[in-house]
1. Could you tell me whether any residue of the range 270-283 is open to solvent by 60 Å² or more (accessible area, probe 1.4 Å), charged (D, E, K, R) and modelled with pLDDT of 90 or more?
2. Provide a single number: the residues in the range 501-531 that are open to solvent by 10 Å² or more (accessible area, probe 1.4 Å) and either out of contact with any Asp or Glu (no Cβ under 7 Å at 6 or more places or on another chain) or within 23 Å of ARG418 (Cα to Cα) (or both).
3. Condition test on GLY384, is it within 30 Å of THR92 (Cβ to Cβ) and at pLDDT below 95?
4. With the requirement that a residue be in contact (Cβ under 8 Å) with a residue 60 or more places away in the chain, within 14 Å of ARG279 (Cα to Cα) and over 40 Å from the mean Cα position of the chain (by Cα), what does the range 328-346 give you?
5. Checking the conditions here, which among ALA168, ALA188, ALA196 is in contact (Cβ under 8 Å) with a residue 24 or more places away in the chain, open to solvent by less than 10 Å² (accessible area, probe 1.4 Å), aliphatic (A, V, I, L, M) and closer than 19 Å to THR31 by Cβ?
6. Across the range 21-62, what is the total count of residues that are within 20 Å of ALA196 (Cβ to Cβ), open to solvent by 20 Å² or more (accessible area, probe 1.4 Å) and over 22 Å from the mean Cα position of the chain (by Cα)?
7. Being closer than 22 Å to ILE116 by Cα, modelled with pLDDT of 90 or more and among the aromatic types (Phe, Trp, Tyr) narrows it down to one residue among PHE73, PHE47; which is it?
8. With (1) touching a helix residue (DSSP H, G or I) at 6+ places or on another chain (Cβ under 7 Å); (2) at pLDDT below 80; (3) within 30 Å of ALA343 (Cβ to Cβ); (4) part of a helix (DSSP H, G or I) as the list, and SER197 as the residue in question, which single condition is left unmet?
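The values are calculated or read from the model by the stated rules, or taken from the named source; none is laboratory data. The model shown is predicted, which means the values in this text are computed figures rather than measured ones. All Cβ positions, even for glycine, are placed from backbone atoms using ideal geometry, and neighbour counts span all protein chains on display. Surface areas here come from the heavy atoms of the whole protein model, side chains and all, with no ligands, DNA or RNA. Shrake-Rupley method; radii C 1.70, N 1.55, O 1.52, S 1.80 Å.
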Amino acid sequence: MTNASSSALVPERGSPLSSILLFALPALALTSKSGLGLVQCLILLVFLRYLPAVVRAHLQQWGELREVTLAFFLYFLISLLRLVLDHQPLRTLDGPARLLLGLSCIGVMYFLRPRIRYFWLGLCITTMVSAAVASWQVFSGEMTRAVGFTHHEITFGDLALASGLMAACGLAVFRDHRLDKLKWLPVAALVSGLLASVLSGARGSWLALPLPLVLVPLLTYGRRLYGRRIYTILALVLATMVLACVIPATGVARHAELVYSDMQAYLNGGIASTSVSIRLELWRAAWMMFVEHPWLGVGRDNFDAALHALAAAGRLQPSPALTFSSAQNDLLHCLATGGLLDASLLLMMYLAPLRYFTSELRRPDQGQHSLALAGLVLVTAFIGFGLTEAMFWLMMPKVFYVMMVCSLIGLCLAVRHRAPTPRRILITRTDNIGDVVLTLPLAGYLKQLYPQAEIVFLCRLYAAAVVAQCRHVDRVLTVEELGKDVAASLRQTGCDTVLFAFPRRELAYAARRAGIGRRVGSARRLYHWLTCNRLVNFSSPLKRLHEAQLSFKLLLPLGVDYEPPLGEIWKLYGLNTPRHPAADAVLAGPQFKLILHPKSNGNGREWPLAHYTELARMLADDPGVRVLVTGSPSEGQLLAEQAPELLALPNVENLCGKLDLAAFTALIGGCDGLVASGTGPLHLAAALGRPVVGLFPPLKPIDPARWAALGERATNLVRPQGCGNCADPAQCGCMLAITPQQVFDVIRGWR
């Protein structure tokens, strides 16, 4: 038997819709003024839509999420209390409420399990777009400092730099063969983030680079993840900094000179009229506020009033600093307006994610290290930015921070913790017998993978007798017995997972209405985008697979990456050989019983009837061989019209239309061999372990590569090359080229 443990277990992946949402999170952050708000609104809608499941997922990992959850929750709770006790305006609760709502990203990302590569693509693309916009704004002369699509140049510079640094953490992700052609993106995004930050003139954001805050985690963990390539990244950072200083158009060198002269002027003469000196004056004022109100501060909405009160008392000189509403430093602003209480909450909102991401990096890598490193870099970068800017006073940076941090935490959880094991799996295959038979190995593999799970197989009534013989299927369900209310019937099955091996619109919509948790379908059906929450893209590389292998790709969204070898699939059929009185009567006697099934009900190319007749004549020389011609009643009528000489041979018995499917299955299971083109009885005989000869043209997609009989004793004959007229069935000579002698030689080897 095929060992289920040989499959590669990967994170379970959600629908492309959730992946697009994940792409939009970083992609809209810097490319739209209202982008973050829009994505947060969408995530909240998803959170409310799946509220019980998302909350349950969050609580399941409470041990890991406790610190982060409490950090943002306590900040909101204290803000609510201060609003009531200090009679603050309701608008002061806007920021804390958004931080609290940002926690929903953890549960949503963990529950939806989107394709993580979309996050990295969104992050890289938005950073490069922001650099392009910044370049246009500055070099066109439209602006002296780039603001991107935001309203503030410092916010734009800080977020662009953070995005570039985070994007550099995704180098390992781009080793994926699907992203191989885009492996240059993380480096390009890093350079773009640096460029956008330089063009924004946000001098303070560069403090996050020379300080150990960002370089230490990049060197410590990046070296382990990316080897020597991390030094290339650092070299790019340093080279960009040097170029920024050398190129006059960037203004970095001029700004550096101004910083030095401004500090000298402030320290020597107390002049607070420049950018740097204004910050120093604000820091001094904030410290004085904290010293006078160390526990609760002057009030979150009272910084401006307290600032002017200090100036009125003569403790601050009149300067442009009096027009500012924040201390231009995260920690000092919290100390001034909220005292030690708010400062403690701020540190919690930094340190809790920092501890979480550090712990993830210390665990064995299951795919979460790149995400955790990006989270670590984000937090440390924000701490650096907060030295010269009140990041948690401005709305956009704090929303960016909480959504990114919580989304990365949710993605880390999704990577490390596999989704709940399916309890009852529904496989739908409602087309032809051959297709049904080739899907049975999927049921066999699922039974190995989830021994305790119940496998339900949905097919048409006429195929039920075959599926019922599969020992891997616990229950056979037919389309006919579903009735008018298909959704109600599917709900009664209690299935938590459905695999649409054959797509049908009405079944897809019914499965969604029935509330089946995992619904896996083909991304090539538009209605599956509306009805399935797990999609598989059966792209061109997958077309090389056999039909029996192709159905295994439905397991990819469930976190199972397994492609069974063609020589092993027959072990997974699990078909029992049935008994039937009508079949027993035909099979009585010691002769070698060979079934010829000339027709295919219009499926595929058929071997010429003259060849079947010639083969039967060749077999007539051996009195120990009985030739049984089978087919449906309509096919029997066609044979009587088109090949009467075949049916008239003394060694041929015409069984067309004389057996139902149950009896026919028993007949195939008891025969000594079968010859047919690519049709249901061929695959059924191979699955039952019978010797078979499959006859195929070298024409995709009906060639043996896709439809060969798979069995321990199966032989498939095909002309090596096409005849050149394969597109026209009437002119194609490929089936004619397979001679009766070739088939006869194979049959002779069976005896």
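1. If we filter the range 270-283 for residues that are open to solvent by 60 Å² or more (accessible area, probe 1.4 Å), which is where we start, we get 271, 273, 283.
Then drop every residue that is not charged (D, E, K, R), which leaves none.
Checked the range 270-283: no residue is open to solvent by 60 Å² or more (accessible area, probe 1.4 Å), charged (D, E, K, R) and modelled with pLDDT of 90 or more.
2. Of all residues in the range 501-531, those open to solvent by 10 Å² or more (accessible area, probe 1.4 Å) come to 501-506, 509, 512-515, 517-519, 522-527, 529-530.
Going one step further and asking which of them are either out of contact with any Asp or Glu (no Cβ under 7 Å at 6 or more places or on another chain) or within 23 Å of ARG418 (Cα to Cα) (or both), we end up with 501, 503-506, 509, 512-515, 517-519, 522-527, 529-530.
Number of matching residues: 21.
3. Details: within 30 Å of THR92 (Cβ to Cβ): yes; at pLDDT below 95: yes.
When the stated conditions are applied, GLY384 passes them.
4. GLN328, HIS333
5. Criteria check complete, one pass: ALA196.
6. 4
7. Unique residue meeting the criteria: PHE47.
8. All conditions pass for SER197, except number (2).
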